[in-house]
1. Among the residues of the range 21-29, is any on the phi < 0 side of the Ramachandran plot and over 17 Å from the mean Cα position of the chain (by Cα)?
2. Residues that are touching a His at 6+ places or on another chain (Cβ under 9 Å) and either more than 28 Å from Glu129 (Cα to Cα) or in the same structural domain as Ala125 (by TED's automatic domain parsing) (or both): does the range 35-49 have at least one?
3. Filtering the range 13-44 down to residues that are of a type in the set (Val, Ile, Thr) and assigned to a helix (DSSP H, G or I), which residue is surrounded by the fewest Cβ atoms within 10 Å (Cβ to Cβ)?
4. Check whether at least one residue in the range 93-115 is among the hydroxyl-bearing types (Ser, Thr, Tyr), surrounded by 13 or more Cβ atoms within 10 Å (Cβ to Cβ) and closer than 27 Å to Ala34 by Cβ, and report yes or no.
5. Quick one: which helices (runs of 4 or more DSSP H) sit completely within the range 45-112 and have at least 2 residues that are in contact with a Ser or Thr (Cβ under 8 Å, 6 or more places away or on another chain)?
6. Can you tell me which of Arg5, Arg72 is out of contact with any His (no Cβ under 8 Å at 6 or more places or on another chain), more than 18 Å from Ile99 (Cβ to Cβ) and either surrounded by fewer than 14 Cβ atoms within 10 Å (Cβ to Cβ) or not aromatic (Phe, Trp, Tyr) (or both)?
Amino acid sequence: MDGGRLHRLGKRLIELSAQVTGEPGDLSLTPGEAAVLEDVIKHPAGSISEICRRTGFAQSHVSASVSRLKERGLVTTATDPGDGRRTRVSVADSALQAITRRATRSIDEAIGRAIADPGKARRAADLLEELAGLLP
């Protein structure tokens, strides 16, 4: 497989992932908000500057994203007790529960729609499971 084919496969897998994890009424995030939220999930109680460093986004972008995520109840913020100028950001429990529910949805239906042959669809799902284990 060459890089171009891998890129196309990656894009197709992202499309399938969106079908599995997205349902009508689900919250939609901008790519920047999604990246900030993912960072906050991986690094609880991180500061705005730490999020900037890890994501590569400008401070103004991270601050605006955190503000929008907070308004939507997805993150909480607190003043750092050691430095009152610093804001610490954590994921809200309700957001983490919603993300977990979305992440645990089965891929079987989406794969079945993408690959009409049930046997080939099952094989594709099995191969994806194997690949996920090989590329942690």
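The values are calculated or read from the model by the stated rules, or taken from the named source; none is laboratory data. These figures come from a predicted structure and were not determined experimentally. A quick note on method: Cβ atoms are made from the backbone with ideal geometry, for glycine too, and the neighbour counts reach across all protein chains shown.
1. yes
2. We begin by selecting, within the range 35-49, every residue touching a His at 6+ places or on another chain (Cβ under 9 Å); these are 36.
Of the ones still in play, those that are also either more than 28 Å from Glu129 (Cα to Cα) or in the same structural domain as Ala125 (by TED's automatic domain parsing) (or both) are none.
Among the residues of the range 35-49, not one is touching a His at 6+ places or on another chain (Cβ under 9 Å) and either more than 28 Å from Glu129 (Cα to Cα) or in the same structural domain as Ala125 (by TED's automatic domain parsing) (or both), which makes the answer no.
3. The initial filter retains those residues of the range 13-44 that are of a type in the set (Val, Ile, Thr), namely 14, 20-21, 30, 36, 40-41.
So of that shortlist, the ones also assigned to a helix (DSSP H, G or I) come out as 14, 20-21, 36, 40-41.
Working: Ile14: 10, Val20: 16, Thr21: 16, Val36: 29, Val40: 25, Ile41: 15.
Per the criteria, the residue is Ile14.
4. So in the range 93-115, the residues among the hydroxyl-bearing types (Ser, Thr, Tyr) come out as 94, 100, 104, 106.
After this cut, where a residue has to be surrounded by 13 or more Cβ atoms within 10 Å (Cβ to Cβ) as well, the list is none.
Within the range 93-115, not a single residue is among the hydroxyl-bearing types (Ser, Thr, Tyr), surrounded by 13 or more Cβ atoms within 10 Å (Cβ to Cβ) and closer than 27 Å to Ala34 by Cβ.
5. In the range 45-112, 59-71, 93-103 are the helices (runs of 4 or more DSSP H) which contain 2 or more residues that are in contact with a Ser or Thr (Cβ under 8 Å, 6 or more places away or on another chain).
6. Only one candidate passes the filter, namely Arg5.
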